[in-house]
1. Just give me the residues in the stretch 38-58 being surrounded by 14 or more Cβ atoms within 10 Å (Cβ to Cβ), of a type in the set (A, V, I, L, M) and closer than 14 Å to residue 69 by Cα, in sequence order.
2. Which residues, taken from the stretch 146-158, are modelled with pLDDT under 95, surrounded by 15 or more Cβ atoms within 10 Å (Cβ to Cβ) and not polar (S, T, N, Q)?
3. If we keep just the residues of the stretch 109-138 that are open to solvent by less than 10 Å² (accessible area, probe 1.4 Å) and modelled with pLDDT under 95, which is farthest from the chain's Cα centre (by Cα)?
4. Could you tell me whether residue 77 is outside any strand (DSSP E or B), surrounded by 18 or more Cβ atoms within 10 Å (Cβ to Cβ) and of a type outside the set (D, E, K, R)?
5. Which one of these is open to solvent by less than 50 Å² (accessible area, probe 1.4 Å), in contact (Cβ under 8 Å) with a residue 24 or more places away in the chain and farther than 27 Å from residue 130 by Cα: 198, 185, 172, 233?
6. Examine the stretch 209-217 for a residue that is in contact with a Pro (Cβ under 9 Å, 6 or more places away or on another chain) and surrounded by 15 or more Cβ atoms within 10 Å (Cβ to Cβ), and state whether such a residue exists.
7. Take the residues of the stretch 1-32 that are assigned to a loop (DSSP other than H, G, I, E, B) and surrounded by 16 or more Cβ atoms within 10 Å (Cβ to Cβ): which is modelled with the lowest pLDDT?
Amino acid sequence: VYFIPKMNDGNNWLSPVYCLNAEDGAEIWRSDDNEYASQGFATPLIVDDTLYIPAGKSGKGKILVAVDKLTGKLRWSVADPQKRQDIYASSASPAYQIIDGIPQVIFGVSGVREAWAVSAKTGELYWIYPTPMHHSLISSPVATGSRVVLCGGQGSAAFSACLQMYVRDGKVRARQIYRSEKNQVNMYNTVAVLSGAVYGFGSKSLQCTSLEDGRLLWEQAGGDWGMDQSLIVADGLIFALTKKGDLVLAE
């Protein structure tokens with residue numbers, strides 16, 4: 001079990017990462033803040049024997065780290081190629097995707113308002129996409145097939161975008177298919193994708209949009225809904241929370 005106790009030391013968002021025995025909760029290892037630490041909001045990503053951790057605002061230059069999940073030993077880290085200050089992982093949880101046999105990890109980067117994708121094997125930077133909110137992504141990127149859906153909701157900076165992945169010169173690249181400032185402007189909610197449809201929120205509505213071209217398939221508008229709400233899709237049903245905290249079940 002991987003456990004991150006969020007600690008807020010002013011604006012220095014750093015939290016140690018604990019690996020616990022699932023049987024009795026005994027500590028197996030914990031991260032050393034001098035080497036790496038989490039920013040405390042995102043859920044780490046586990047793929048095979050590697051744990052990917054969005055790094056905190058440590059000033060040590062690490063944005064994403066890959067570690068051995070059984071020992072916590074650092075395998076590689078991602079740093080800003082331009083060595084700018086106050087560049088760190090956003091609150092969004094990273095996503096994993098394989099394109100033509102090449103694995104990548106997608107995550108948000110605060111300080112530069114961007115989404116980055118890197119090689120899941122080496123940390124090499126593959127592509128960058130601008131995200132206008134000052135905090136970058138809170139809604140986690142969603143990898144579905146060969147596409148990636150990104151969302152953000154923050155006033156005039158609200159947006160959603162769908163990117164098509166492809167491989168060129170042995171590296172994954174991204175091409176924007178469509179972008180909207182009206183549909184799927186999810187602030188915190190990570191969209192659900194099912195059978196070619198994307199479920200999430202507009203500024204004042206519960207929405208379903210087409211994954212193919214971004215067009216609005218249907219929406220439930222009204223005062224109950226806002227871009228700050230959350231939902232999940234399970235068993236062909238939508239479970240959504242309203243502004244007042246009511247749980248709504250919908251087909």
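1. The answer is 45, 47, 51, 53.
2. 152, 153, 157, 158
3. If we take residues in the stretch 109-138 being open to solvent by less than 10 Å² (accessible area, probe 1.4 Å) and modelled with pLDDT under 95, then 133 is farthest from the chain's Cα centre (by Cα).
4. no
5. Only one candidate qualifies: 233.
6. Scanning the stretch 209-217, I find no residue that is in contact with a Pro (Cβ under 9 Å, 6 or more places away or on another chain) and surrounded by 15 or more Cβ atoms within 10 Å (Cβ to Cβ), so the answer is no.
7. Only one residue tops the list, namely 14.
The values are calculated or read from the model by the stated rules, or taken from the named source; none is laboratory data. The structure presented is a predicted model; accordingly, all values stated were derived computationally and were not measured. So basically every Cβ, Gly included, is an ideal-geometry build from the backbone, and we count neighbours across all protein chains shown. Calculation scope for accessible area: heavy atoms of the full protein, side chains included, ligands and nucleic acids excluded. Shrake-Rupley method; radii C 1.70, N 1.55, O 1.52, S 1.80 Å.
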